[in-house]
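Let me begin by presenting the structure, written as structure tokens, before commenting on it.
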Amino acid sequence: MIDMIKKIIELTKVRISFLVLITTFLGFYLGSRGSMNIELLFYTLLGSWFSSMGSSVFNNVLEIEFDRLMKRTRNRVLPSNQFSKSFAIILGFILCFSGLIILLYKVNFLTFLLSLITILSYLLIYTPLKRVSWTNTMIGAIPGALPPAGGWVAATNSLDWGALALFLILFFWQHPHFYSLAYIYRKDYESGGFKMLSSTENGIKRTVRHIFIHALLLIPISTLPFFLGFSGRFYLVGAYLLSNIYMLTCLPFIIDQSNENARLIFRTSIYYFPLLLILIFADLRV
């Protein structure tokens, strides 16, 4: 039983869905201006969690044959036949459908719509594009950046500048995060038939350029909540310093394109949003 639960956790990519919950909560908290409807928050997170896990299951289904070609992924539950494809499809459908129904009937239509767009763009555009063009990272950053906007929309029932600001922060954060990961596993991605920027002609230089530009632009973009009036000076200073640190961890890789320096970027990116969330909490209490 425990072994089966572990396999389901792997199939649903619970770690990724946890990041989705953090960013969704971030958006909801900011949209609520600190005065949250707990019941609405519960249904927002539950619906988002189910939708995220369902999308991950379908992503695994779509990439079974390609995952079998890569050393990093060949032992996952579907490529290694630990679960059947039909079981995964049923599980993915139940999770996605349940998540969308919760968001539609317990939250609001706009949040449901954003979640539906996230699922469809992730599975029908981003996932197949990974085997066609290196631009998949840029395109995939769109559904990846929608959860905090969804949290904002859930709390405010409006799609406005606040949702856009949160979308942009996560959109620009993702590029150093995923380009560094793609660089580390570039040989594995090539084996699986995935088109990543680091594997294209002059791909290493272009990866360096994209990482630096997006990390640099994240610095002013991360301060947008202050200039739009829904966070204070404490957040402004903290977000500015945090984004500068993120950018500075990219410099060793820009100078020396080693796996170790790429991992430094990736590890730093993991801590970025939890720390940003702490800043938001602290700011609304200063």
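The values are calculated or read from the model by the stated rules, or taken from the named source; none is laboratory data. Please read all numbers here as calculations on a predicted model, not as lab measurements. Neighbour counts run over all protein chains shown; Cβ positions are idealised from the backbone, glycine included.
For Ile102, which of the numbered conditions (1) within 30 Å of Gly229 (Cα to Cα); (2) touching a residue at least 40 places away in the same chain (Cβ under 8 Å); (3) of a type in the set (A, V, I, L, M, F, W, C); (4) out of contact with any Ser or Thr (no Cβ under 7 Å at 6 or more places or on another chain) fails to hold?
(1)
Results for (1) buried (at least 20 other Cβ atoms within 10 Å of the Cβ); (2) modelled with pLDDT under 90, shown as yes or no for each residue.
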residue: Phe194; (1), (2): yes, yes
residue: Glu201; (1), (2): no, yes
residue: Thr207; (1), (2): yes, no
residue: Pro274; (1), (2): no, yes
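Just for region 4-29: of the residues that are hydrophobic (A, V, I, L, M, F, W, C) and farther than 15 Å from Pro274 by Cβ, which one is surrounded by the fewest Cβ atoms within 10 Å (Cβ to Cβ)?
Within region 4-29, the subset hydrophobic (A, V, I, L, M, F, W, C) is 4-5, 8-9, 11, 14, 16, 18-22, 25-26, 28.
The next check asks that each one be farther than 15 Å from Pro274 by Cβ; those that pass are 4-5, 8-9, 11, 14, 28.
Working: Met4: 11, Ile5: 9, Ile8: 17, Ile9: 14, Leu11: 22, Val14: 15, Phe28: 26.
The selected residue is Ile5.
To keep it simple, each residue is scored yes or no on (1) modelled with pLDDT of 95 or more; (2) assigned by TED's automatic domain parsing to the domain that holds Ser55.
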| site | (1), (2) |
| --- | --- |
| Phe83 | no, yes |
| Ile90 | no, yes |
| Phe97 | yes, yes |
| Tyr105 | yes, yes |
| Leu110 | yes, yes |
| Ser133 | no, yes |
| Ala145 | no, yes |
| Tyr189 | no, no |
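Do we have any residue at all in region 210-223 that's closer than 23 Å to Phe281 by Cβ, of a type in the set (Ser, Thr, Tyr), under 22 Å from the mean Cα position of the chain (by Cα) and in a helix (DSSP H, G or I)? Spell out the reasoning first.
Taking region 210-223 and keeping what is closer than 23 Å to Phe281 by Cβ, we get 218-223.
Next cut, of a type in the set (Ser, Thr, Tyr) only: 222-223.
When the remaining residues are screened for being under 22 Å from the mean Cα position of the chain (by Cα), the result is 222-223.
Of the ones still in play, those that are also in a helix (DSSP H, G or I) are none.
Scanning region 210-223, I find no residue that is closer than 23 Å to Phe281 by Cβ, of a type in the set (Ser, Thr, Tyr), under 22 Å from the mean Cα position of the chain (by Cα) and in a helix (DSSP H, G or I), so the answer is no.
Being touching a helix residue (DSSP H, G or I) at 6+ places or on another chain (Cβ under 8 Å) and in a helix (DSSP H, G or I) narrows it down to one residue among Tyr240, Tyr271; which is it?
Details: Tyr271 fails: touching a helix residue (DSSP H, G or I) at 6+ places or on another chain (Cβ under 8 Å).
Answer to the selection: Tyr240.
Could you tell me which of the residues Phe97, Phe58, Phe93 is among the hydrophobic types (A, V, I, L, M, F, W, C), under 18 Å from the mean Cα position of the chain (by Cα) and in a helix (DSSP H, G or I)?
Numbers: Phe97 fails: under 18 Å from the mean Cα position of the chain (by Cα); Phe93 fails: under 18 Å from the mean Cα position of the chain (by Cα).
None of the others qualify; the one that does is Phe58.
Could you go through region 122-137 and let me know if any residue there is of a type in the set (Gly, Ala, Ser), part of a helix (DSSP H, G or I) and over 22 Å from Leu276 (Cα atoms). I'd like the intermediate steps shown before the answer.
First, pick out the residues of region 122-137 that are of a type in the set (Gly, Ala, Ser): 133.
The next check asks that each one be part of a helix (DSSP H, G or I); those that pass are none.
The answer is no, given that none of the residues of region 122-137 is of a type in the set (Gly, Ala, Ser), part of a helix (DSSP H, G or I) and over 22 Å from Leu276 (Cα atoms).
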